[in-house]
Amino acid sequence: MASYSLADLVSALPEGDGWGPPVVSETTLNGVPYAPFSKGDKLGRMADWTADSKDGRDGRGGRQQYNRNYRDQQIYGAGSAALFTAPVAEDENTFSVVSREPTKTRYGRGAVFTRGRGQRGGRGDARGGRQTLQRGGRGGQQGGYGYDNRGGRGNARGGRRFGWKDWDKPARNRDASINIKPDWQLLEEIDFNRLAKLNLDADEGEDVESYGFLYYYDRSFDKQPVKAAERRLTALDRATYNVTTSSDPVIQEMAERDEATIFATDSILSMLMCSTRSIYPWDMIIVRQGNKIFLDKRDNAALDMVTVNENAADAPLDASEGSKDSVNQPAALAEEATYINHNFANQVVLENQSQRVDMPQDNPFYNASEETEPPASKAYKYRKFDLSTSEEDPMYLVVRTEIDAVQKNAISGDDQYLTVKALNEFDSKAQGSGGALDWRTKLVSQRGAVVATEMKNNSVKLARWTVQSILSKADVMKVGFVSRANPKTNDKHVILGVIGWKPKDFANQMNLSLSNGWGIVRTIADMCLKREEGKFVLVKDPNKQILRLYEVPAGSFDDEGEDEFEGPGEIAEE
């Protein structure tokens with residue numbers, strides 16, 4: 001049978017006597033009218049019972065299925081689809097689908113994204129306080145695809161809620177804490193997964209020498225102050241020091257006596273031991289002289305600053321990332337937290353010269369003839385740890401640790417050494433707060449929830465403080481909770497309370513493994529001991545969970561102004 005096309009029939013008619021639409025125009029394709037469609041439209045079906053109706057629901061009045069593949073694409077031509085919709089006949093009003101198998105999604109049968117009102121075991125929470133993404137077949141148990149926000153009132157506080165859209169949010173591109181130069185040779189590249197598997201059991205250490213003095217801790221800070229009598233954080237001018245390892249005169253003498261193979265300070269060593277928790281970029285200098293390793297830092301290095309909410313799921317944004325709130329940017333928050341920790345440790349002690357505890361030797365860094373400020377309450381304990389893996393290959397480490405205060409044991413009356421730190425609250429409603437509770441109202445009634453949130457948002461900071469307390473063999477770690485007097489300004493603060501923990505108990509709560517930290521230290525030291533004498537730089541990648549070890553030419557970092565680089569992750573002290 002001969003075949004005919006529409007074009008053949010139209011061409012056979014006299015010109016001007018044709019019927020129907022024009023053969024060729026901007027809205028025809030080979031003589032057939034068409035409308036633009038996107039990839040998200042469903043084509044090629046004579047009868048599509050799954051098509052969405054005008055009210056956004058399926059033919060049964062059920063919930064519209066979510067198609068994640070085209071969530072970001074504009075449905076181009078969706079408005080034109082109505083041109084081809086046939087009018088619904090009267091006899092179709094009573095039509096309904098008798099049986100239909102539910103559509104399976106990649107998250108399982110019947111997966112539902114809940115927003116606003118959470119579900120606990122199949123029952124909604126009218127308060128909206130917990131947002132949970134349910135997984136099919138688990139009876140309301142929280143799955144692994146969403147966030148569980150236990151913020152009490154949720155959005156009523158103004159805090160941001162995390163949901164299904166946060167899994168593919170754009171990655172942040174931070175700058176390195178140091179400028180990697182072309183003449184640096186890359187020796188090793190270690191990802192955090194490998195570091196997390198290292199393990200080395202070390203002893204509890206022994207005291208070698210002790211310097212400085214300590215004031216007694218003011219126990220009145222342990223009591224929760226009433227709102228009408230909140231204690232202001234005051235700035236006290238006291239001389240404190242953060243001398244790097246190779247510049248420490250005591251460590252120099254110990255190195256000459258061959259006391260150990262590795263030398264470090266507690267600040268540098270804790271950063272290396274807790275490196276797998278770090279997010280922000282940092283770097284440290286490793287110097288090998290003979291058979292000795294010195295873990296050093298640069299002046300105004302990133303690891304000297306106290307970060308804020310570094311581990312939060314939605315960490316504070318930098319100016320380059322679109323933040324217009326200058327006081328809540330990472331650099332400003334770190335400077336504020338460092339200032340708070342310095343003054344808080346000086347304020348919570350009783351400066352009584354007749355009741356202070358003196359170490360066997362004076363402060364090695366304080367020179368009364370040159371300093372105009374009195375020395376702060378600080379004791380420096382140089383402690384030795386055994387990192388040997390066999391008797392044939394002994395390796396010892398000497399670390400300079402710090403103690404901030406002393407207090408009497410309530411039962412035995414003996415002196416207990418304390419380390420004093422401070423957490424700071426900037427604005428519980430601002431971006432980057434990490435879902436933190438309002439400390440003024442929740443610190444007493446929900447202290448556990450406040451501490452748990454800080455453990456999550458400041459994992460690396462609290463882990464470093466805990467490691468430093470264990471290294472110094474402190475009996476108690478005092479942590480203060482300091483908040484802004486006005487959330488919009490960062491120059492005035494109030495002390496809301498102080499909580500004390502035994503360092504080892506707090507480490508267990510944080511799932512902090514000290515043996516893993518010793519394994520990291522021993523591994524990095526072995527890498528440097530395999531090389532010739534020289535200088536190395538260990539750099540945390542700014543955007544990846546990777547440590548890189550570089551060998552740098554001799555003389556690097558001797559000229560501070562030439563070799564120092566200050567990026568967003570590094571803040572210079574004023």
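I'm trying to understand the selection: among the residues of the range 440-461, which are crowded, with 22+ Cβ neighbours inside 10 Å, in contact with an Asp or Glu (Cβ under 7 Å, 6 or more places away or on another chain) and not in a loop (DSSP other than H, G, I, E, B)?
Passing the criteria: only 461.
Here's a check for you: in the range 500-517, which residue that is in contact with a helix residue (DSSP H, G or I) (Cβ under 7 Å, 6 or more places away or on another chain) and hydrophobic (A, V, I, L, M, F, W, C) is farthest from residue 552 (Cα to Cα)?
506
Given the options 299, 266, 283, 304, name the one that is surrounded by fewer than 18 Cβ atoms within 10 Å (Cβ to Cβ) and either touching a residue at least 24 places away in the same chain (Cβ under 8 Å) or within 30 Å of residue 234 (Cα to Cα) (or both).
On inspection, the qualifying residue turns out to be 299.
Being surrounded by 14 or more Cβ atoms within 10 Å (Cβ to Cβ), at pLDDT 65 or above and in a loop (DSSP other than H, G, I, E, B) is the requirement here; does residue 177 meet it?
When the stated conditions are applied, residue 177 passes them.
Only one of (1) under 30 Å from residue 485 (Cβ atoms); (2) over 20 Å from the mean Cα position of the chain (by Cα) is not met by residue 323, so which one is it?
Status for residue 323: all satisfied but (2).
Can you name the number of the only condition in (1) modelled with pLDDT of 90 or more; (2) surrounded by fewer than 14 Cβ atoms within 10 Å (Cβ to Cβ) that residue 388 fails?
Unmet for residue 388, out of (1) modelled with pLDDT of 90 or more; (2) surrounded by fewer than 14 Cβ atoms within 10 Å (Cβ to Cβ): (2).
In the list 328, 343, 352, which residue meets the criterion of being surrounded by fewer than 17 Cβ atoms within 10 Å (Cβ to Cβ) and polar (S, T, N, Q)? Explain how you work it out, then say what you get.
Working: 328 fails: surrounded by fewer than 17 Cβ atoms within 10 Å (Cβ to Cβ); 343 fails: surrounded by fewer than 17 Cβ atoms within 10 Å (Cβ to Cβ).
The match here is 352.
Cβ-Cβ below 8 Å, separation at least six or inter-chain, first residue in the range 365-389 and without any contact (Cβ under 8 Å) to a residue 12 or more places away in the chain, second aromatic (Phe, Trp, Tyr): which pairs?
Close Cβ pairs satisfying both conditions: 388/396.
Could you tell me which of the residues 240, 244 is under 22 Å from residue 465 (Cβ atoms) and in contact with an Asp or Glu (Cβ under 8 Å, 6 or more places away or on another chain)?
When all the criteria are applied, what remains is 244.
If I go through the range 478-513 residue by residue, how many of them are in a helix (DSSP H, G or I) and surrounded by 20 or more Cβ atoms within 10 Å (Cβ to Cβ)?
3
Do any strands (runs of 3 or more DSSP E) lying entirely in the range 184-303 carry at least 2 residues that are within 23 Å of the chain's Cα centre (by Cα) and within 30 Å of residue 530 (Cα to Cα), and which ones are they?
185-191, 283-289
Could you run through the range 439-492 and say how many residues are basic (Lys, Arg) and under 25 Å from residue 302 (Cβ atoms)? First the steps, then the outcome.
Here is the first cut: in the range 439-492, the residues basic (Lys, Arg) are 440, 442, 447, 456, 461, 464, 473, 478, 484, 488, 492.
The next check asks that each one be under 25 Å from residue 302 (Cβ atoms); those that pass are 456, 461, 464, 484.
Summing the residues that are basic (Lys, Arg) and under 25 Å from residue 302 (Cβ atoms) in the range 439-492 gives 4.
Could you check the range 378-433 for strands (runs of 3 or more DSSP E) lying wholly inside it with 2 or more residues that are among the aliphatic types (A, V, I, L, M)? Outline the logic, then answer.
On the way: elements: 378-386, 396-403, 405-408, 415-425.
Counting at least 2 such residues, we get 396-403, 405-408, 415-425.
The values are calculated or read from the model by the stated rules, or taken from the named source; none is laboratory data. All of these numbers come straight from a predicted model, not from anything done at the bench. As a convention, Cβ positions derive from the backbone with ideal geometry for all residues, glycine included, and neighbour counts pool all protein chains shown.
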